[in-house]
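Attaching a single structure in structure tokens format; questions to follow.
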Amino acid sequence: MSEVVSYARDGRIAIIMVDNPPVNALSLPVRQGLAQSFQTFMADPAALAAVLICNGRTFIAGADITEFDKPIEEPWLPKVIHQIEDCTKPVVAAIHGTALGGGLETAMACHYRVAVASAQVGLPEVSLGLLPGATGTQRLPRLAGVRTALDAMISGKPLSAAAAHQKGIVDQVIDGDLKAGAVAFAEELLKGGKGPRVIRNIKIDAASLTPNFFADYRKSIARDTRGFFAPEQIVKCVEAAVSLPYFDAVKRENELFMQCMNSSQSKAQRHLFFAEREVAKIPDVPKDTPARTIKKVAVVGGGTMGGGIAMNFANVGIPVILKEVNQEALDRGMNIIRSNYEGPVKKGKLSQAQMDKCMALIQPTLNYADLSDADLVIEAVFETMAVKMEVFGKLDEVCKVGAILASNTSTLNVDEIAASTKRPADVIGLHFFAPANVMTLLEIVRGAKTAKDVVATCMALAKTIRKMGVLVRVCFGFVGNRMYFPYIREAQRMMLEGVAPERLDRVVYEWGMAMGPHGVSDLSGLDVFDKLNKEWKDKPNDPAYCRMIGLLVAKGRLGQKSGAGIYKYEGRNPVPDPEVMKLARQEATALKIPQLEISDEEIIERLFIAMINEGALILDEGIAMRPSDIDVVYCHGYGMPRYRGGPMQYADSLGLGRVHSAMQKYRARYGDLYWTPAPLIEKLAKSGKTFAQWNAERG
């Protein structure tokens with residue numbers, strides 16, 4: 001019998017056990033073992049029913065994703081699934097942990113399913129740009145109904161055992177030992193004379209669906225699935241489940257699955273899946289590096305950002321002290337936090353008791369002395385070096401030995417901040433993204449003297465507060481903002497060249513970004529960008545650089561908060577303002593910048609290739625460890641769609657030869673200042689390699 005799948009008997013019940021740590025993924029040896037075990041079961045006259053169960057912490061948690069880019073090796077999962085279902089003796093799946101993707105599809109091949117109360121089931125393939133391709137799109141609608149199945153597959157969210165039981169996916173929730181409960185369930189089937197219950201034989205009553213059901217469903221998910229390929233293919237599969245004979249619908253599922261798997265979107269989403277796991281690996285900070293204990297946190301600065309940061313810790317039960325300079329600012333900060341909690345309470349996403357518990361964990365103060373026993377202090381004051389250095393000088397005086405001192409700076413030199421203390425090894429950057437209580441990215445900025453255990457602690461803490469922590473080195477803007485500046489620069493330049501802001505933002509939105517660069521600039525505050533430009537010591541010597549931002553700020557047009565910026569605002573709705581393009585034309589004339597006919601393709605090319613080139617410089621300088629780390633930053637912090645995979649993955653999908661050619665094209669038009677190809681792009685374009693290959697070769 002296979003090493004990863006074993007066959008045994010408990011009386012007249014066969015026990016087929018999968019043991020393929022860590023998550024019992026459906027690798028080739030598991031599929032082979034399942035096929036062999038069910039063949040043995042059917043040939044064993046003493047076995048009248050079977051229980052499929054898994055060893056370790058979970059049931060089959062899904063497919064082996066590393067096999068997706070390799071040639072199919074038989075038995076492929078659909079073949080195994082039909083072999084299980086074709087058994088003429090009843091088969092019971094016993095679920096603990098998670099039965100996800102291929103795991104749930106395997107469980108649905110069994111004739112019955114039982115689960116412990118803590119188990120979860122789901123079909124999350126959509127998150128990888130795929131659809132459930134091993135009969136999942138056909139079986140789940142038959143078990144749970146068409147609407148429930150669509151919602152589960154389109155969202156990718158798992159269902160609890162109780163919910164799965166209520167929906168008909170699970171037949172019984174087991175209280176106590178799973179194996180014993182599953183065997184008892186199988187015995188009851190035999191005593192009751194119940195044989196196999198074959199899901200594919202369940203008929204879906206098309207007449208039970210409302211007229212135009214699928215058209216209406218597509219409209220209902222359009223906003224959430226904008227730009228993604230896989231959701232529509234899932235809907236098509238379920239349409240087939242309703243309208244076609246089972247095996248014809250399975251054939252359709254297989255065709256659409258292969259389209260998904262071979263798409264650039266799935267490759268990008270699978271890339272991100274692995275990138276999000278790789279990001280935690282730091283070569284010189286081993287996994288077993290002892291972390292410091294964080295039982296109490298302090299936040300200096302109670303504005304929108306500081307309050308949002310405090311909420312992250314309160315949400316996971318960590319007490320927080322919120323420090324402000326005066327009572328008015330402190331009251332305002334606490335009111336902002338209270339308002340942030342009240343929104344979810346009104347929507348029913350948070351209970352009043354949960355809100356009260358979180359609010360009780362945030363203690364306001366005006367005194368630095370109250371920070372003396374904090375294990376971590378995060379400074380979230382104005383983005384001005386002098387102010388930050390003053391705060392860190394005070395923290396150095398009052399904070400206990402071993403406390404981690406962190407700055408929420410978005411651009412400034414963490415080493416310079418650390419130098420204002422006598423403990424630079426304890427200083428690190430923790431760059432949260434606004435709104436800090438919502439956005440999932442946390443740039444963790446490692447200074448030249450930051451201790452390894454401080455790095456390890458902050459990486460672990462990011463997980464605790466449900467953030468995606470990405471370790472970066474020190475430079476102006478770190479990774480995210482440094483790459484965003486060229487993107488904003490080109491958007492601003494194209495405004496001077498005659499591209500209306502609303503057109504550029506529309507093109508970028510249609511490409512997949514959550515917002516266009518002009519809308520983001522207004523939302524963040526034009527004064528914020530203007531201030532950053534003034535703080536930037538190495539700002540390009542270019543009078544056209546972000547010229548419009550400076551002029552609009554001088555006119556009091558700061559963005560959404562002032563009711564006007566690049567756009568005018570009716571509430572939060574942006575309205576194009578002819579005065580802005582009039583001003584842009586005047587400035588273009590003064591700067592001798594010609595008006596150009598710029599295509600949609602050029603808009604995308606200039607914005608993103610400028611960003612990619614900066615990313616290549618960042619990699620060469622060691623600011624980011626891996627190209628995939630940059631991709632994680634952009635998909636979690638800057639609204640880049642997961643189906644693009646991040647800027648460096650997008651560059652790989654274009655081909656670095658094409659990126660290099662575009663750089664040369666714009667270099668010929670604009671000169672060397674911005675459009676000199678990064679040495680890494682030069683090298684990789686000449687060798688025909690990708691960023692991913694370069695990273696793999698480095699080990």
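The values are calculated or read from the model by the stated rules, or taken from the named source; none is laboratory data. Quick caveat, the model's predicted, so the values are computed rather than measured. Quick reminder, even Gly has a Cβ in these numbers, built from the backbone with ideal geometry, and neighbours come from all protein chains shown.
A quick yes/no check of all residues on (1) of a type in the set (D, E, K, R); (2) farther than 26 Å from C635 by Cβ; (3) not assigned by TED's automatic domain parsing to the domain that holds A500:
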{"residue": "N541", "(1), (2), (3)": "no, yes, no"}
{"residue": "L551", "(1), (2), (3)": "no, yes, no"}
{"residue": "S562", "(1), (2), (3)": "no, yes, no"}
{"residue": "I566", "(1), (2), (3)": "no, no, no"}
{"residue": "Q595", "(1), (2), (3)": "no, yes, no"}
{"residue": "R606", "(1), (2), (3)": "yes, no, no"}
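Residues being part of a loop (DSSP other than H, G, I, E, B), closer than 30 Å to K323 by Cβ and either within 25 Å of the chain's Cα centre (by Cα) or of a type in the set (A, V, I, L, M) (or both): count how many of those fall in the range 247-299.
2
Is it the case, given these coordinates, that L523 is outside the structural domain of D375 (by TED's automatic domain parsing), touching a strand residue (DSSP E or B) at 6+ places or on another chain (Cβ under 7 Å), among the aliphatic types (A, V, I, L, M) and part of a helix (DSSP H, G or I)?
On the way: outside the structural domain of D375 (by TED's automatic domain parsing): yes; touching a strand residue (DSSP E or B) at 6+ places or on another chain (Cβ under 7 Å): yes; among the aliphatic types (A, V, I, L, M): yes; part of a helix (DSSP H, G or I): yes.
Judged against the criteria, L523 is a match.
I'd like to check something: does the range 206-219 contain any residue that is without any contact (Cβ under 8 Å) to a residue 24 or more places away in the chain, out of contact with any Phe, Trp or Tyr (no Cβ under 6 Å at 6 or more places or on another chain), under 30 Å from T58 (Cβ atoms) and not hydroxyl-bearing (S, T, Y)?
Within the range 206-219, not a single residue is without any contact (Cβ under 8 Å) to a residue 24 or more places away in the chain, out of contact with any Phe, Trp or Tyr (no Cβ under 6 Å at 6 or more places or on another chain), under 30 Å from T58 (Cβ atoms) and not hydroxyl-bearing (S, T, Y).
What tally of residues in the range 607-636 results from selecting those that are basic (K, R) and crowded, with 24+ Cβ neighbours inside 10 Å? Step through it out loud before you land on a result.
Our first condition is that a residue be basic (K, R); within the range 607-636, this holds for 626.
When the remaining residues are screened for being crowded, with 24+ Cβ neighbours inside 10 Å, the result is none.
Adding up the residues that qualify gives 0.
Any residue in the range 304-322 that is in contact (Cβ under 8 Å) with a residue 24 or more places away in the chain, assigned by TED's automatic domain parsing to the domain that holds A436, over 22 Å from M468 (Cα atoms) and outside any helix (DSSP H, G or I)?
We begin by selecting, within the range 304-322, every residue in contact (Cβ under 8 Å) with a residue 24 or more places away in the chain; these are 304-322.
Add one more test, that the residue is assigned by TED's automatic domain parsing to the domain that holds A436, and what stays is 304-322.
Within this subset, residues satisfying the condition of being over 22 Å from M468 (Cα atoms) are 321-322.
Remaining after also requiring outside any helix (DSSP H, G or I): 321-322.
Yes, because at least one residue in the range 304-322 is in contact (Cβ under 8 Å) with a residue 24 or more places away in the chain, assigned by TED's automatic domain parsing to the domain that holds A436, over 22 Å from M468 (Cα atoms) and outside any helix (DSSP H, G or I).
Between residues in the range 543-568 that are without any contact (Cβ under 8 Å) to a residue 12 or more places away in the chain and residues that are in a loop (DSSP other than H, G, I, E, B) and not aromatic (F, W, Y), which pairs lie under 8 Å by C-beta distance while being six or more apart or on different chains?
Every condition considered, the pairs that remain are S562/G556; K568/P576; K568/D577.
Considering only the range 128-163, state which residues are touching a helix residue (DSSP H, G or I) at 6+ places or on another chain (Cβ under 8 Å) and closer than 22 Å to C54 by Cβ.
First, pick out the residues of the range 128-163 that are touching a helix residue (DSSP H, G or I) at 6+ places or on another chain (Cβ under 8 Å): 128-150, 152-156, 159.
Matches in the range 128-163: L128, P132, G133, A134, T135, G136, R139, L140, L143, A152, G156, L159.
Let me ask you something else. I'm checking my understanding of the structure. Among residues of the range 21-71 that are of a type in the set (D, E, K, R) and in contact with a Leu (Cβ under 9 Å, 6 or more places away or on another chain), which one is nearest to A109 (Cα to Cα)?
In the first step, residues of the range 21-71 are kept if they are of a type in the set (D, E, K, R); the result is 31, 44, 57, 64, 67, 69-70.
Of the ones still in play, those that are also in contact with a Leu (Cβ under 9 Å, 6 or more places away or on another chain) are 31, 64, 67.
Working: R31: 13, D64: 18, E67: 22 Å.
Restricting to residues being of a type in the set (D, E, K, R) and in contact with a Leu (Cβ under 9 Å, 6 or more places away or on another chain), the top hit is R31.
Suppose we filter the range 430-451 for residues that are in contact (Cβ under 8 Å) with a residue 60 or more places away in the chain, touching a His at 6+ places or on another chain (Cβ under 8 Å) and in a strand (DSSP E or B); how many remain?
Of the residues in the range 430-451, 2 are in contact (Cβ under 8 Å) with a residue 60 or more places away in the chain, touching a His at 6+ places or on another chain (Cβ under 8 Å) and in a strand (DSSP E or B).
Okay, next question. What is the residue count in the range 151-182 for residues that are over 29 Å from the mean Cα position of the chain (by Cα) and surrounded by 22 or more Cβ atoms within 10 Å (Cβ to Cβ)?
So the answer is 3.
If G348 meets every condition in (1) assigned to a loop (DSSP other than H, G, I, E, B); (2) small (G, A, S); (3) touching a residue at least 12 places away in the same chain (Cβ under 8 Å); (4) farther than 25 Å from V427 by Cα apart from one, which number is that one?
Just one mismatch for G348, condition (3).
So that you can scan it fast, the table gives a plain yes or no per residue for (1) in a loop (DSSP other than H, G, I, E, B); (2) out of contact with any helix residue (DSSP H, G or I) (no Cβ under 7 Å at 6 or more places or on another chain); (3) farther than 18 Å from Q492 by Cβ:
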{"site": "P594", "(1), (2), (3)": "yes, yes, no"}
{"site": "I609", "(1), (2), (3)": "no, no, no"}
{"site": "I618", "(1), (2), (3)": "no, no, yes"}
{"site": "M640", "(1), (2), (3)": "yes, no, yes"}
{"site": "G657", "(1), (2), (3)": "no, no, yes"}
{"site": "Y666", "(1), (2), (3)": "no, no, no"}
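When the range 1-51 is examined, which residues are found to be closer than 28 Å to K70 by Cβ and basic (K, R)?
R31
Looking only at the range 372-408, filter to residues that are hydroxyl-bearing (S, T, Y) and either assigned to a helix (DSSP H, G or I) or modelled with pLDDT of 95 or more (or both); which one of those is surrounded by the most Cβ atoms within 10 Å (Cβ to Cβ)? Before the answer, list the steps.
Initially, the range 372-408 is screened for residues hydroxyl-bearing (S, T, Y), giving 372, 384, 407.
With either assigned to a helix (DSSP H, G or I) or modelled with pLDDT of 95 or more (or both) added as a condition, the list becomes 372, 407.
Values: S372: 14, S407: 28.
Filtering first and then ranking leaves S407.
Being under 11 Å from A500 (Cα atoms) and either assigned to a helix (DSSP H, G or I) or of a type in the set (D, E) (or both) is the filter here, so list the residues in the range 562-578 that pass it.
Just the residues of the range 562-578 that are under 11 Å from A500 (Cα atoms), to begin with: 566-567, 576-578.
D577, P578, listed by residue number.
Would you mention how many residues in the range 20-60 are of a type in the set (D, E, K, R) and crowded, with 16+ Cβ neighbours inside 10 Å? First the steps, then the outcome.
From the range 20-60, those of a type in the set (D, E, K, R) are 31, 44, 57; that's our starting set.
Still in the running and crowded, with 16+ Cβ neighbours inside 10 Å: 31.
Adding up the residues that qualify gives 1.
Do we find that L412 is modelled with pLDDT of 95 or more and in contact with a helix residue (DSSP H, G or I) (Cβ under 7 Å, 6 or more places away or on another chain) in this structure? So that I can check it myself, show each step before the final result.
Details: modelled with pLDDT of 95 or more: no; in contact with a helix residue (DSSP H, G or I) (Cβ under 7 Å, 6 or more places away or on another chain): yes.
So L412 does not fit the description; no.
Can you name the condition, by its number, that F476 falls short on among (1) assigned to a loop (DSSP other than H, G, I, E, B); (2) within 26 Å of the chain's Cα centre (by Cα); (3) buried (at least 23 other Cβ atoms within 10 Å of the Cβ)?
All conditions pass for F476, except number (3).
Please give the number of the condition I202 fails out of (1) more than 26 Å from P124 (Cα to Cα); (2) surrounded by fewer than 19 Cβ atoms within 10 Å (Cβ to Cβ); (3) among the β-branched types (V, I, T).
(1)
Of all residues in the range 479-520 being within 22 Å of the chain's Cα centre (by Cα), hydrophobic (A, V, I, L, M, F, W, C) and not in a helix (DSSP H, G or I), which is surrounded by the most Cβ atoms within 10 Å (Cβ to Cβ)?
Within the range 479-520, the match that is surrounded by the most Cβ atoms within 10 Å (Cβ to Cβ) is V479.
Could you say which residue among D542, D530, D522 is acidic (D, E) and closer than 22 Å to K592 by Cα?
D542
Go through the range 58-98 and give me each residue that's at pLDDT 95 or above and among the hydroxyl-bearing types (S, T, Y).
T58, T88, T98
Still on this structure, I have one more. Is it the case, given these coordinates, that A425 is farther than 23 Å from N481 by Cβ, without any contact (Cβ under 8 Å) to a residue 12 or more places away in the chain and surrounded by fewer than 22 Cβ atoms within 10 Å (Cβ to Cβ)?
Numbers: farther than 23 Å from N481 by Cβ: yes; without any contact (Cβ under 8 Å) to a residue 12 or more places away in the chain: no; surrounded by fewer than 22 Cβ atoms within 10 Å (Cβ to Cβ): yes.
No.
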